[in-house]
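Trainee: First the structure, then my questions, so here it is.
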Amino acid sequence: MGLDWFTLIAQIVNFLVLVWLLKHLFYGRVIRAMNEREARIAGRLEEAEAHRQQLMDAARLETETAQAQWLEMLKRERWGLLQDFRERLGQEVFALTRHGLKELADADLEQQIGKVFVERLETLDAAEREAIVAAVRDSDHEVEIRTAFAVPEEARERLSQFLRQRLDDRIQVASPPLRS
């Protein structure tokens, strides 16, 4: 069988016309569509990377804030525990001292403290006494007695009378309730 040259050349020409038509009519559009799609994908990927970074920054900030709050809470709790420990230690020291003083000297700690306080007030020189009286005058003649332990009412009254007699008879003495 022989080769039909006319059919061969017609098929080659058809192929070339088809390639030319595809190139001029469709190839540019397909390449542009692929480039646009690739650009959209790249844009979305870049947005996703930026969003990821924002989320990481927000998480880091939230973690740092939570850590700072936790540390502050821990600090306050530690301070509260230390205060509680100091108060309990002070109460125990007073209790031991009170017990020891009662056993050794048959005296109450509160009365001894009141006695020492009164003795110190009696030994004030005139300038110190006048400074205290002036301070009391400036505060509308009100004095507040605060103690860390329970003071018997009679000891409080004796102290109030002493302050009125030695400093100024217009002194008003107040005794706030004790902290428990």
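The values are calculated or read from the model by the stated rules, or taken from the named source; none is laboratory data. All figures in this text were calculated on a predicted structure; none of them were measured in a lab. Methodologically, a virtual Cβ is constructed for each residue, glycine included, from the backbone with ideal geometry; neighbour enumeration extends over all protein chains shown.
Trainee: Could you check, for the stretch 97-104, whether at least one of its residues is assigned to a loop (DSSP other than H, G, I, E, B), modelled with pLDDT under 80 and loosely packed, with under 10 Cβ neighbours inside 10 Å?
Mentor: Residues of the stretch 97-104 that are assigned to a loop (DSSP other than H, G, I, E, B), as a first pass: none.
Checked the stretch 97-104: no residue is assigned to a loop (DSSP other than H, G, I, E, B), modelled with pLDDT under 80 and loosely packed, with under 10 Cβ neighbours inside 10 Å.
Trainee: L82 - would you say it is at pLDDT 75 or above and touching a Lys or Arg at 6+ places or on another chain (Cβ under 7 Å)?
Mentor: no
Trainee: Let me ask something additional. Which is closer than 30 Å to Q83 by Cβ, part of a helix (DSSP H, G or I) and at pLDDT 80 or above, of R156, R120, R129?
Mentor: That would be R120, the only listed residue that is closer than 30 Å to Q83 by Cβ, part of a helix (DSSP H, G or I) and at pLDDT 80 or above.
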